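Reading through the structure tokens given below for one structure.
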Amino acid sequence: MDHSERCGEVVLGVDSHRDVHVAAVVSTVGQVLAVERFPTTASGYRDLAEWALCRGVVRRAGVESSGNYGAALSRYLLSVGIAAVEAPGPGRSARRRRSKSDEGDAVAAARSVLSGRAQSPVKSGDGPVEIARMYLMAKDSAVSAKRQAVNQLKALLVTAEPALRDELRSLSRRGLVLACLQLREGGEEVDPVLRATRFTVRVLAERIEQLGAQARVLEQRLANLIGTHYPRLMDSVGVGPHSAAVLLTVLGDSRERMRGEASFAALCGASPVEYSSGSRQYRRLNRGGNRQANAALHRIVLTRLRWDPRTQAYYERRVAEGKTRREIIRCLKRYVAREIYRLIITSRGEL
């Protein structure tokens, strides 16, 4: 290969895994120039970029699984001036037609950039949204674990000694936890099973308290973070720290990942789906998209239906037009998605 060919533009494709990344460099006409494996370490990322740059001018790279295994590599490529995009994996029909290999997937990732199939920029992962994503993950796991501990505590009391069960039966959930925290095992004269029951319910109550405290701390951190970077978002009716964080993580740190508010609504599953036939014109709920984001929009709509006069007036007007509650909520979710998108983009522009 002569100097001019080496210095021509090439495209990088990466099939990412936990311990190793497989990289492929292809020419602008899709010819495979080189394929190599690199470890998922800081030096491995540096070697991968240098290896690719030795084969030509690399301006674009397609990375499979850029949101998990390829996240760190994607951030490194962005830092050295290579525009990384999410490369879609081959579908089932494509896998049935050809063999499967990591090298082939890396080449396919590069060619997907050339064909235009890979267009969505990777999440930068270096801004407030990445911080919100971590807080949200920890908070959700704490809430889930707390719910599981509460269920375990109640299930344990079902089979407990009648005296202990009667003592705790009429208490509220908060009162039950506080009462269990005060339980003591007792001495050797106490039945061993009862002692074990008292000890176990106290451990579960302590776990519930600890997890609840963690969830509250993380909720406050989310509120402070979003209030600092996206203040207008928190001022919107019905938008709390948790819902705001969910919607922010869907959009990501890079506004370029979305072509507009319609793309954001589709990603949240809030865009209507045409379901018409003949003279019957109908649009149904979109059951696709990110369901956590859709649930966040749903919570916001339900809150506004309860407390926001404008939303209540809109609901009454649409009911008078013959719309069902489900259809009205679908319309409101689409409106909220549009409003949230504009608030996020506007807040970013003001930073």
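Values quoted throughout were computed directly from the atomic coordinates according to the rules given, and no laboratory measurement underlies them. Keep in mind it's a predicted model, so treat the numbers as computed, not measured. With ideal geometry, Cβ positions are generated from the backbone for all residues, glycine too; neighbour counts draw on all protein chains shown.
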Rank GLY175, THR159, VAL201 by how far each Cα sits towards the positive end of the charge dipole of the range 128-229 (+1 on Lys, Arg Cβ; -1 on Asp, Glu Cβ) and give me just the farthest.
GLY175
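Using R₀ = 25 Å, calculate the FRET efficiency as 1/(1 + (r/R₀)^6) where r is the Cβ-Cβ separation of LEU194 and ARG173; round to 0.05.
In this case the efficiency is close to 0.65.
What shape does the range 128-229 have by the C-alpha gyration tensor, where a ≥ b ≥ c are the square roots of the eigenvalues, rounded means a/c under 1.5, and otherwise prolate means a/b greater than b/c and oblate the rest? Could the numbers behind the result be given before it?
Working: a/c = 3.37, a/b = 3.12, b/c = 1.08.
Here the range 128-229 falls in the prolate category.
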As straight-line cross-link partners of LYS100, the qualifying aspartates and glutamates (C-alpha separation under 14 Å, not fewer than 8 residues apart within one chain) are ASP15
If the reach is capped at under 24 angstrom between alpha carbons, list the lysines near LYS123, excluding any in the same chain fewer than eight residues apart.
LYS139
The residues HIS21, HIS229, sorted from fewest to most surrounding Cβ atoms within 10 Å, come out as HIS229, HIS21
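Do you know the relative contact order of the chain, to the nearest whole percent, from alpha carbon pairs under 8 angstrom that are 6+ apart? All intermediate terms of the calculation are to be shown ahead of the outcome.
On the way: 509 pairs, mean separation 45.9, N = 351.
About 13 percent, as a whole number.
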For the chain, calculated [θ]222 nm from helices alone, where every DSSP H run of n ≥ 4 adds -39500 (n - 2.57):
-19000 deg cm²/dmol
Students often forget the sequence filter, so: which lysines lie under 18 Å Cα-Cα from LYS146 once same-chain residues fewer than 8 apart are removed?
LYS154
From zero outward in steps of 10 Å, how is the percent of C-alpha pairs of the chain spread across the bins?
5, 18, 20, 20, 18, 12, 5, 1, 0, 0
Within 10 Å, at most 16 other Cβ atoms, and a DSSP state outside H, G, I, E, B define an exposed site. Report the longest part of the chain free of exposed trypsin sites (Lys or Arg not before Pro).
19-97
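Quick one: MET134, MET234, fewest Cβ neighbours within 10 Å first, how do they rank? Provide the component values of the computation, followed by the final result.
Numbers: MET134 12, MET234 16.
So the residues, fewest neighbours to most, are MET134, MET234.
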